[in-house]
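Undergrad: Starting off with a structure, shown below.
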Amino acid sequence: MTVVRLPVGGGTPEGTNSAYLVDERVLVDPGPPTEAAWSDLRTGLEAELETLSNLEYVVCTHWHADHVGLAPRLAETCNATITMGERDAPLLMEYAAEREARLERDAAAMTDWGVPGDVVTAVVEGDRPSPLPDATPVESLVDGQTIAGLEVVETPGHTAGHVSLATDEALVLGDAVLPTYTPNVGGSDTQTRGTDPLGTYLETLNRLLAREGVESGAVTLRPGHGETVDPERIEAIRDHHDERTRRVETALEERTVATPWDLARDLFGDLEGIHAKFGAGEVAAHLERLERDGAVECEDGGGYALAE
Ligand SMILES: [Zn+2]
């Protein structure tokens, strides 16, 4: 199967998005909902396809706007079907209603993590709706299923319903593994709160590494931002998280009881806007991992302390 990367720019802090065209039938992660990105995507597709109507499926690895943003427009233009992992699908399918629910969930999560009320309000009010339809038809994908010859591999952690797509020679990874920065875990999808998102994510990394051809480099790893990633990068991200877990534990030793927000400020300094959610969520994910391992305990009132 052929996998062609189409760089789609404009509108994301992580840099240029990577859309992937597979066998001229499937487009994975069309990109952010901006005119600049749409122009890049169209130009890329028109160079590869005889006609846009050859496209059968638009697959989105996860619900973040820089990945799903152009999906409704592309699907309508090509008369294609949109598909996503089943936990993430509702966030595009019922965009307007799910956005309201997500903002409430984000606020509740941040409050639990000890983020002050004025910061919570600023994060929620700073969330601008994406130019997406209130509702969009989306079909759900589950692990192991095949779609137009592509194997669906559930890769949760960065979001609850994140999926990757596999051919014999390539793995299209979305934000499960990125070449230059570490995908946020914990704050990037508050659906994962309370479910040990970091443990889930580390399991995802282990499952990816265990797939045939990944460690040897026979399978090309295709990230959602950038061109390729080395298999060593998966191990590096795992090591990074182990190191950060130790830093969270050390920061907690310096205090008697602390919330994820306290520790996030100890580790990362001032956190403004969306970084308050990402930082506190990331620390909360490490604390959940430590709690699962029996190293810390969650106290009444939401603070954490080292286990006796
Ligand atoms: Zn993402």
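Undergrad: Condition test on residue 217, is it more than 30 Å from residue 2 (Cβ to Cβ), not in a helix (DSSP H, G or I) and not polar (S, T, N, Q)?
TA: No, not satisfied.
Undergrad: Go through region 140-180 and give me each residue that's surrounded by 24 or more Cβ atoms within 10 Å (Cβ to Cβ), more than 15 Å from residue 225 (Cα to Cα) and touching a helix residue (DSSP H, G or I) at 6+ places or on another chain (Cβ under 6 Å).
TA: Matches in region 140-180: 155, 156, 157.
Undergrad: Continuing with the same structure: If you go through region 52-69 one residue at a time, do you hit one that is under 22 Å from residue 274 (Cβ atoms), in contact (Cβ under 8 Å) with a residue 12 or more places away in the chain, in contact with a helix residue (DSSP H, G or I) (Cβ under 8 Å, 6 or more places away or on another chain) and part of a helix (DSSP H, G or I)?
TA: yes
Undergrad: Which pairs turn up if I take residues in region 32-47 that are without any contact (Cβ under 8 Å) to a residue 40 or more places away in the chain and look for partners that are of a type in the set (D, E, K, R) with beta carbon separation below 6 Å, at least 6 apart in sequence or on another chain?
TA: Cβ pairs passing all conditions: 32/66.
Undergrad: Which members of region 56-112 meet the condition of being in contact with a Leu (Cβ under 9 Å, 6 or more places away or on another chain) and of a type in the set (Ser, Thr, Tyr)?
TA: Hits for region 56-112 are 57, 61, 77, 83, 95.
Undergrad: What about residue 233, is it of a type in the set (Lys, Arg), closer than 18 Å to residue 175 by Cβ and out of contact with any helix residue (DSSP H, G or I) (no Cβ under 9 Å at 6 or more places or on another chain)?
TA: Values: of a type in the set (Lys, Arg): yes; closer than 18 Å to residue 175 by Cβ: yes; out of contact with any helix residue (DSSP H, G or I) (no Cβ under 9 Å at 6 or more places or on another chain): yes.
Here the answer is yes, as residue 233 does meet what is asked.
Undergrad: In this structure, does residue 289 turn out to be modelled with pLDDT under 95, basic (Lys, Arg) and surrounded by 15 or more Cβ atoms within 10 Å (Cβ to Cβ)?
TA: On the way: modelled with pLDDT under 95: no; basic (Lys, Arg): yes; surrounded by 15 or more Cβ atoms within 10 Å (Cβ to Cβ): yes.
Judged against the criteria, residue 289 is not a match.
Undergrad: Within region 157-182, take every residue that is assigned to a strand (DSSP E or B) and away from the ligand (no atom under 12 Å from the Cβ) and give me the one that is farthest from residue 4 (Cα to Cα).
TA: Within region 157-182, the subset assigned to a strand (DSSP E or B) is 163-166, 170-174.
Those left that are additionally away from the ligand (no atom under 12 Å from the Cβ): 163-166, 170-172.
Details: 163: 19, 164: 16, 165: 14, 166: 14, 170: 11, 171: 12, 172: 11 Å.
Restricting to residues being assigned to a strand (DSSP E or B) and away from the ligand (no atom under 12 Å from the Cβ), the top hit is 163.
Undergrad: Mind listing whichever residues of region 220-244 are assigned to a helix (DSSP H, G or I) and either at pLDDT below 95 or closer than 13 Å to residue 182 by Cβ (or both)?
TA: Taking region 220-244 and keeping what is assigned to a helix (DSSP H, G or I), we get 231-244.
Result: 233, 234, 235, 236, 237, 238, 239, 240, 241, 242, 243, 244.
Undergrad: Can you name every residue in region 82-107 that is under 17 Å from residue 160 (Cα atoms), among the aliphatic types (A, V, I, L, M) and surrounded by fewer than 17 Cβ atoms within 10 Å (Cβ to Cβ)?
TA: 101, 103
Undergrad: Restricting to region 25-45, and then to whatever is within 22 Å of residue 150 (Cα to Cα) and either at pLDDT below 95 or part of a helix (DSSP H, G or I) (or both), can you tell me which residue is farthest from the ligand (Cβ to nearest atom)? So that I can check it myself, show each step before the final result.
TA: Our first condition is that a residue be within 22 Å of residue 150 (Cα to Cα); within region 25-45, this holds for 25-31, 41, 44-45.
Still in the list and also either at pLDDT below 95 or part of a helix (DSSP H, G or I) (or both): 41, 44-45.
On the way: 41: 18, 44: 21, 45: 22 Å.
So, considering only residues that are within 22 Å of residue 150 (Cα to Cα) and either at pLDDT below 95 or part of a helix (DSSP H, G or I) (or both), the one farthest from the ligand (Cβ to nearest atom) is 45.
Undergrad: Output the residues belonging to region 187-196 that are away from the ligand (no atom under 13 Å from the Cβ) and surrounded by 24 or more Cβ atoms within 10 Å (Cβ to Cβ).
TA: Matches in region 187-196: 190 only.
Undergrad: Okay, next question. Pull up region 47-81, narrow it to residues that are aliphatic (A, V, I, L, M) and within 16 Å of the ligand (Cβ to nearest atom), then point me to the one that is surrounded by the fewest Cβ atoms within 10 Å (Cβ to Cβ). Outline the logic, then answer.
TA: Kept after step one, since they are aliphatic (A, V, I, L, M), are these residues of region 47-81: 47, 49, 52, 55, 58-59, 65, 68, 70-71, 74-75, 80.
Subset that is within 16 Å of the ligand (Cβ to nearest atom): 59, 65, 68, 70-71.
Working: 59: 28, 65: 21, 68: 29, 70: 29, 71: 25.
Out of the qualifying residues, it is 65.
The values are calculated or read from the model by the stated rules, or taken from the named source; none is laboratory data. These numbers come from a predicted model, not from an experiment. A quick note on method: Cβ atoms are made from the backbone with ideal geometry, for glycine too, and the neighbour counts reach across all protein chains shown.
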